[in-house]
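Asker: One structure is given below, represented as structure tokens, and several questions about it will come after.
Since every read-out is calculated from the coordinates, none of them should be taken as a lab result. These figures come from a predicted structure and were not determined experimentally. Positions of Cβ are backbone-derived with ideal geometry, glycine not excepted, and every protein chain shown enters the neighbour counts.
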Amino acid sequence: MVIIKTASEIEAMKAAGRLSAKVLRKTGELVRPGISTLELDRFAENLIRMEGGIPAFLGYNGFRGSICASLNEQIVHGIPSAEVILKEGDIISIDTGATVAGWVGDNAATFAVGQISEEKQRLLEVTERSMWAGIDAALVDGHLGDIGHAVQSVAEAAGFGVVRDYVGHGIGHKMHEDPSVPNFGHRGRGMRLKAGMVIAIEPMINAGSYEAIGPGADGWLVCTRDGRPSAHFERTVAITMDGPLVLTAE
Ligand code: MG
């Protein structure tokens, strides 16, 4: 069941969105060769708590981090670890969320570690652009398929694969609410979009095939089947009469 938010509830969700965005930006600023994903996680957790939030991921179905840190061929849900040290040429997707006053914000971005290959650079640019195309399609009286179609068109025009097994989601008091928000689809199909829907739009785009494998032995990690790199960008977005409103913004 889709939970429609009132204008004042959407207003209240901005605090969680603002903090989630700040944590993502500041954690991303620490990305450099030699830092571990556990150090990034500790920084993010401290910042969330210092600002009066609760890490939304920590303890979620037993997850052991405040961020997901997914490198290179890892698509999503990498568990932060002292053993995973970033090195020049890596890309790292950082996904983080904060709960503030009972509302959840959720966002992600993929960062370059030093100099990266041209292919990885293009993957980052196209994935972010596909996310914004999806956001622009989140319009009252549109359809869920409009969002997926917009994302898919950008990604596939660049020759990249759109992950099917993992999708965006409704968000509110809970991190994952209805509906599921696929990054693929057909214009004019799927659920009708209404004012007051709040969704996380989060393309996961692979340089090669769309196919994913996982979760792995740790119960979480999802990777590309062909071992080629994957990128991930995400914003929490309210659908309003005035158009899409990005809540995970500072
Ligand atoms: Mg999400």
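Asker: Condition first: away from the ligand (no atom under 16 Å from the Cβ), surrounded by 16 or more Cβ atoms within 10 Å (Cβ to Cβ) and under 17 Å from Pro33 (Cβ atoms). Now tell me which residues in the stretch 92-123 satisfy that.
Answerer: Ile92, Phe111, Ala112, Val113, Ile116, Lys120
Asker: While we're on this one: So, Ser153, is that one surrounded by fewer than 19 Cβ atoms within 10 Å (Cβ to Cβ), touching a helix residue (DSSP H, G or I) at 6+ places or on another chain (Cβ under 6 Å) and of a type in the set (S, T, N, Q) or not? So that I can check it myself, show each step before the final result.
Answerer: On the way: surrounded by fewer than 19 Cβ atoms within 10 Å (Cβ to Cβ): yes; touching a helix residue (DSSP H, G or I) at 6+ places or on another chain (Cβ under 6 Å): no; of a type in the set (S, T, N, Q): yes.
No; evaluated as a whole, the condition is false for this residue.
Asker: Here are some conditions: (1) of a type in the set (Ser, Thr, Tyr); (2) out of contact with any strand residue (DSSP E or B) (no Cβ under 6 Å at 6 or more places or on another chain); (3) within 23 Å of Val237 (Cα to Cα). Thr96 meets all but one. Which one does it not meet?
Answerer: The single condition Thr96 does not satisfy is (2).
Asker: Looking at Ile199, Ile239 in this structure, which one is of a type outside the set (Asp, Glu) and within 27 Å of Gly78 (Cβ to Cβ)? Can you show your working first?
Answerer: Details: Ile239 fails: within 27 Å of Gly78 (Cβ to Cβ).
Ile199 is the lone residue from the list that is of a type outside the set (Asp, Glu) and within 27 Å of Gly78 (Cβ to Cβ).
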